[in-house]
1. How many residues are at pLDDT below 85 and farther than 23 Å from A:Gly104 by Cα when one looks only at the stretch A:7-44?
2. Right, A:Leu97: at pLDDT 95 or above, touching a strand residue (DSSP E or B) at 6+ places or on another chain (Cβ under 6 Å), under 30 Å from B:Lys67 (Cβ atoms) and more than 9 Å from chain B (Cβ to nearest Cβ) or not?
3. Checking the structure you have, find out if any residue of the stretch A:39-52 is over 23 Å from A:Thr120 (Cβ atoms) and either away from chain B (no Cβ under 11 Å) or under 16 Å from the mean Cα position of the chain (by Cα) (or both).
4. For A:Asn52, all conditions in the list (1) surrounded by fewer than 16 Cβ atoms within 10 Å (Cβ to Cβ); (2) in contact with a strand residue (DSSP E or B) (Cβ under 9 Å, 6 or more places away or on another chain); (3) of a type in the set (S, T, N, Q) hold save one; what is the number of the exception?
5. Only one of (1) buried (at least 18 other Cβ atoms within 10 Å of the Cβ); (2) within 7 Å of chain B (Cβ to nearest Cβ); (3) at pLDDT below 90 is not met by A:Pro4, so which one is it?
Number of protein chains: 2
Amino acid sequence: MKKPAHSEAALQAAVTELSLAVGQIIRRLRTEGNPDALNLSQLGTLARLDKNGPMTNADLARTESMKPQSMNTILAGLEQEGFVERRPHPTDGRQILFAISSAGHEMRRQRGIAKRNWMTAAMSELEPEEFKTLVAAIPLIRRLVGS
Amino acid sequence: MKKPAHSEAALQAAVTELSLAVGQIIRRLRTEGNPDALNLSQLGTLARLDKNGPMTNADLARTESMKPQSMNTILAGLEQEGFVERRPHPTDGRQILFAISSAGHEMRRQRGIAKRNWMTAAMSELEPEEFKTLVAAIPLIRRLVGS
DNA sequence: TATTGTTATACTCTATAACTATA
DNA sequence: TATAGTTATAGAGTATAACAATA
């Protein structure tokens, strides 16, 4: 059995504090901005499709640690707004590929970040070293989740 | 006007990635573990009371960037389980101080030494340098939110 | 039989609104 | 009038369950 690299107390404190910080930031992210804008998950999914290219519902759900049924709801919203398009899978008749549309690209460019403007502003106030620390921590958080 | 310390592209990428990571971790935090256990907000509130001493509903709500009505629900749950107690405010008849009870302390202590949750386990797998980075990032996240 | 997607439903967490009591 | 707390209601976001179609 591998010996933990950090003291038990430091570990527990970090877990508590990270949980609290994450809860706090998600509340702010959810309530900020106009209510009719895309929500956090929709923006994230759009960003993922933009970065990775067309993906299936199931793949997207796995990437964001979410149930396919939940991702379905997110994609339905994006599709209704015209920000994503369906494409049949070339070989597998079950699967459906979702791709970001030109309207989706335009949305990302224009008002995609509206809901997160406060965060952008707050981040730009960080010192260079602090920003570097924060950016380095993001993949660590994702690794904790296990993706 | 102050010039941002980081490139626009790096800033936007960081905002997107942090938002996604936060969403991911909050989903896992919510769904993991037995459903009858205390939820994330309840555990956080208990930790806060343990650390800061007795606080009012309004103070707790401010600390966690939450509405008093929402904090009320959280405190009601904790009170029902016997993990917090009410105390009248010495001078202001409107205010009610909430304090962690001995049962609340016991619950926290047992949780600490009991079976680690996934996050504790995952964190203990981090390299010392990585753990240091993650811990350093937590207050930065809280600062972003503005607490 | 396993996987993909869909539909229907329910649950968790938090917000908004309206009220009462004390300052 | 302002602030603390309470109660009732609503909403967003995601999960669970059950099903049909394809592999």
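1. Result for the stretch A:7-44: 1.
2. no
3. Residues of the stretch A:39-52 that are over 23 Å from A:Thr120 (Cβ atoms), as a first pass: none.
No, the stretch A:39-52 contains no residue that is over 23 Å from A:Thr120 (Cβ atoms) and either away from chain B (no Cβ under 11 Å) or under 16 Å from the mean Cα position of the chain (by Cα) (or both).
4. Looking at each condition in turn, A:Asn52 falls short on (2).
5. Result: A:Pro4 fails condition (1) only.
The values are calculated or read from the model by the stated rules, or taken from the named source; none is laboratory data. As the structure is a computational prediction, the values presented were derived from the model and not from experiment. All Cβ positions, even for glycine, are placed from backbone atoms using ideal geometry, and neighbour counts span all protein chains on display.
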